[in-house]
Each structure stands twice: as structure tokens, then as C-alpha cells.
């Protein structure tokens, strides 16, 4: 008989880090920037309140070191940030001072 697989297998790691900011409604873009500054991975998912896509697109749509796309989700927004490859010719500054 094969070994039993528990429903909560904690030995597996997620494909990418998940940052849960569903409770943040004011200062969301600076909160995301703060979290992204600490991330070492090249891709991270951010959970948001439902309907916050417009605010996020206006905050991150102009460039920066992260590319943004929204993923289908249920009950909340899910923004996937993918780190862009470093390009020495392009200097883009996007930080909390811009807000």
C-alpha cells in the first residue's frame, strides 16, 4: 500500500511568494512597493481587495523594475509582479517618494 498523502502537505513550497494586502485600502501602492523591495524572487503574487485594479494600474503602468498583470481570482484581486531584466540604458525611478 502506498504511503498516505495528507491533505496539508507542508513540504512543498509555492511556485512564487504570496503577499496578502487584502486588508489595505489606503496607501496600497506604497505598501506594495515596500513589500516588493524585500522580495528576492523574480515573480510574486499580491492579493488585493476586489476592485482595486484601476488604482494598481495607475500606480505601476508607467514602468519600473516590475511588470504587472492581473490573474483571474475569486473574491479578491490577484496581481502578479514579474521582475524586468536589468537594462543599463534605461533609468526608471519608481518609489514611495513619487506618491
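Data table
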{"item": "Inter-residue pairs, beta-carbon under 7 Å, first within 19 Å of residue 71 (Cα to Cα) and in region 6-30, second part of a loop (DSSP other than H, G, I, E, B) and at pLDDT 50 or above, 6+ apart", "result": "16/41; 17/39; 17/41; 22/49; 22/76; 28/21; 28/52"}
{"item": "All positions within region 1-27 that are in contact with a strand residue (DSSP E or B) (Cβ under 7 Å, 6 or more places away or on another chain) and either modelled with pLDDT under 90 or loosely packed, with under 12 Cβ neighbours inside 10 Å (or both)", "result": "16, 18"}
{"item": "Candidate set: region 41-64, residues that are crowded, with 17+ Cβ neighbours inside 10 Å and more than 16 Å from residue 23 (Cα to Cα); chosen: the one modelled with the lowest pLDDT", "result": "64"}
{"item": "Any chance residue 88 is in a strand (DSSP E or B) and either surrounded by 10 or more Cβ atoms within 10 Å (Cβ to Cβ) or modelled with pLDDT under 90 (or both)", "result": "no"}
{"item": "Members of region 58-79 that are touching a strand residue (DSSP E or B) at 6+ places or on another chain (Cβ under 7 Å) and not in a loop (DSSP other than H, G, I, E, B)", "result": "60, 66, 67, 68, 69, 70, 71, 77, 78, 79"}
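The values are calculated or read from the model by the stated rules, or taken from the named source; none is laboratory data. Model, not experiment: these values are computed from the prediction. Neighbour counts run over all protein chains shown; Cβ positions are idealised from the backbone, glycine included.
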